[in-house]
1. Is it true that B:Pro117 is in contact with a helix residue (DSSP H, G or I) (Cβ under 7 Å, 6 or more places away or on another chain), part of a loop (DSSP other than H, G, I, E, B) and not hydroxyl-bearing (Ser, Thr, Tyr)?
2. Write out, first by first residue and then by second, each pair whose Cβ atoms fall under 8 Å of each other, whose residues are 6+ apart or on separate chains, and whose first residue, in segment A:106-127, is within 14 Å of chain B (Cβ to nearest Cβ) and in a strand (DSSP E or B) while the second is of a type in the set (D, E, K, R) and open to solvent by 10 Å² or more (accessible area, probe 1.4 Å).
3. Please state which one of B:Gly196, B:Gly256, B:Gly209, B:Gly249 is closer than 27 Å to B:Ile302 by Cβ and either within 14 Å of chain A (Cβ to nearest Cβ) or among the β-branched types (Val, Ile, Thr) (or both).
4. Could you tell me whether segment A:4-17 includes any residue that is among the aromatic types (Phe, Trp, Tyr), more than 10 Å from chain B (Cβ to nearest Cβ) and more than 20 Å from B:Thr89 (Cβ to Cβ)?
5. For segment A:53-93, which residues satisfy the criterion of being touching a Phe, Trp or Tyr at 6+ places or on another chain (Cβ under 9 Å), touching a residue at least 60 places away in the same chain (Cβ under 8 Å) and open to solvent by less than 30 Å² (accessible area, probe 1.4 Å)?
6. Please verify whether B:Ser410 is on the phi > 0 side of the Ramachandran plot, within 23 Å of the chain's Cα centre (by Cα) and buried (at least 24 other Cβ atoms within 10 Å of the Cβ), treating the condition exactly as stated.
7. Filter segment B:238-273 down to residues that are under 21 Å from B:Ile212 (Cβ atoms) and open to solvent by 60 Å² or more (accessible area, probe 1.4 Å) and give me whichever is farthest from the chain's Cα centre (by Cα).
8. Going by the conditions given, is B:Arg437 within 14 Å of chain A (Cβ to nearest Cβ), open to solvent by 10 Å² or more (accessible area, probe 1.4 Å) and within 11 Å of the ligand (Cβ to nearest atom)?
Amino acid sequence: MTPFNTLTSIAVPLDIVNVDTDRIVPARFLRQPRSAGYQNFLFHDLREGDEDFVFDRAEYQGAQILVAAENFGCGSSREAAVWALAGAGLRAWIAPSFGDIFFENSFKNGVLAIVLPLDRVAGLRSLLQREPGARLTIDLQAQTVTFPDGSIEGFEIDPFRKECLLAGIDEIDLTMRHVDQIAAYEDRQRAETPWLAASR
Amino acid sequence: MSPSNTPAATLYEKIWEAHAVAQGPGGRTLLYVDRHLLHDGSFHAFAALKAAGRAVRRPDAAFATPDHYAPTRGRENIADPELRDKVETLQANARATRITLFPIDDVRQGIVHVIGPEQGITQPGITLVCGDSHTSTHGALGALAFGIGASEVAHVLATQALWQTRAKTMRVSVTGKLPAGVHSKDIILALIAQIGAFGGTGYTLEYAGPGIRALSMEARMTICNMSIEAGARSGLIAPDETTYEYLAGRPHSPQGADWERALTRWRLLPSDADARFDREVALDAAALEPMATWGTSPEHGIGVAGVVPDPSGQSDATRRASMEKALRYMDLKPGQPIEGLAIDRVFIGSCTNSRIEDLRAAAQVVRGRKAVIPAMVVPGSGLVKRAAEAEGLDRVFIDAGFDWREAGCSMCVGMNGDLVAAGERCASTSNRNFEGRQGKGARTHLMSPAMAAAAAVTGKITDVRKLSLPPGRGPGRGL
Ligand code: SF4
């Protein structure tokens, strides 16, 4: 995975609440292998019905940051939603809240999901609409977002996710370091709840 | 009360503590995963595992069945090559990794969230995951169950564990007795309307109170199933005699002396009386009426006597615009009554409402009537289908002109080709009314099986309480 450090980029605003992962990638495309390039299906039906869809506007081309509204990525657990957004070049998203599974899936793909207060995010979206092409800077180490007006907002991230992102670590490798503890758990399971344990 | 030497704990905290294998930085915990369910959408995870050259750590703890892509007819010889490929890929992956498989031609095949409990794979106090957000369903048996993404599926296959952050706890206390014609689907739709589609984000919900205790296992599953529609990854119900009665004798339930040992452990699971929750919510079941959704979020539920809300009452501009967008998509006007709205098609099925009691509730409304619009019933598993046929429910539906299909996800998500056409309005017992969920341009109204059946026989959204039912068969209990 590509490590994440700092990022300065155009940000694209998406002003819809409860954007579910069905909208991000409609279910009929999920039968495709990843190699099909899920970015090709990103917001497919939304874009079709709206020629002026924000992702298609020239001013926002090259954006690596998405600024969304409440409950972004709710619904289905399809990781394809993250693949599509990341495949389109996005490396970070900012919203007042995210669907929990989508949030988790983001980090698994080296994408930084940032929660900021509702009014700050709403203000940022309207600024980005007023001044398309405005840039944000995200500093993961310092845990800050610098707005186009120069103001700085701090964000929370759990140290585990931060480490994984900064170093671009594969989580399975990390977990394998605990394999003895996993095996010890399995021994206890065999003794206490043998019906759940592997028969030897 | 908890014993004085241990602090009071909730059901969630007890399961969490019992499965913590290691602590990571920042409060991350490596949780052991007892049971893992896989389906035909899991091919990405198998591919990732194979690419990384990793083995499945505990094939005995994983169970697989095709559901999302499973055709609901003509499956002896699947005509669509892509569907066939998805079903066969899962079956080949499961066989190659020695994971227990319920293949497409097995009577035990069905929607993962129906067969987990049905086979006794889901048990109180275990951790259970699946690459599907409605894994919350299994919480109805007192299991900590949640949906995960493809990377996490691969992680669990390889390590049998997952890094998680402990959620906050919310108790939903349900009091009062459900009125006739009102079902557990109405409880959960009313709750989501009350707390919102992200009211539960970051929480594990625990449904409690006499209104929950009175429900059957199937009815409880309907409620836990839709926890994710309130934003919560998991919903839990403490196990009780209803749970034990349901589980006794199921193929994967503990047997003999193990059953007695299991029971002793399970009885310790319920939240201690003095346990504290981060948030408390209350709901009076007696005050509910049958619900239907008007919009494109599960939080858009209203009582059947209600009217479509007016976005101009919304102070937040983004929320107002989103509601207006939903109204346009659904072709509805503010102030319009939901009752009487013409419906084009009915779908009775999905992991929310495709169990035997759901089919009984629908059949009770359909009996002696005719569907006036296309309607289909898709049982949640081959065993549900068989049980329904043994009771003659299939005849009730077929005689009324319904399609009676083989088990799978079907029109809940349309991945197998069972789609709602653009512009069509579908009364559906599923869990998501998102734009395009049942097909591009499809308009979904979520409701209970009884309400969906009422829509099928009247061609419009109808208050099921207004339809006369055969004597002695009042639409009361359960569901
Ligand atoms: S029935 Fe619908 S919600 Fe349930 S698992 Fe299948 S597609 Fe998902």
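1. The answer is no for B:Pro117.
2. A:Val115/A:Glu156
3. Unique residue meeting the criteria: B:Gly196.
4. The answer is yes; a qualifying residue exists.
5. Matches in segment A:53-93: A:Ile65, A:Val67, A:Ala81, A:Ala84, A:Leu85, A:Ala92.
6. Judged against the criteria, B:Ser410 is a match.
7. B:Ala273
8. yes
The values are calculated or read from the model by the stated rules, or taken from the named source; none is laboratory data. Just so we're clear, the structure is a prediction, and the values are computed from it rather than from any experiment. Note that each Cβ is placed from the backbone with ideal geometry, even for glycine, and that neighbours are counted across all protein chains shown. Ligands, DNA and RNA are excluded from the accessible area calculation, which covers all protein heavy atoms including side chains. Shrake-Rupley method; radii C 1.70, N 1.55, O 1.52, S 1.80 Å.
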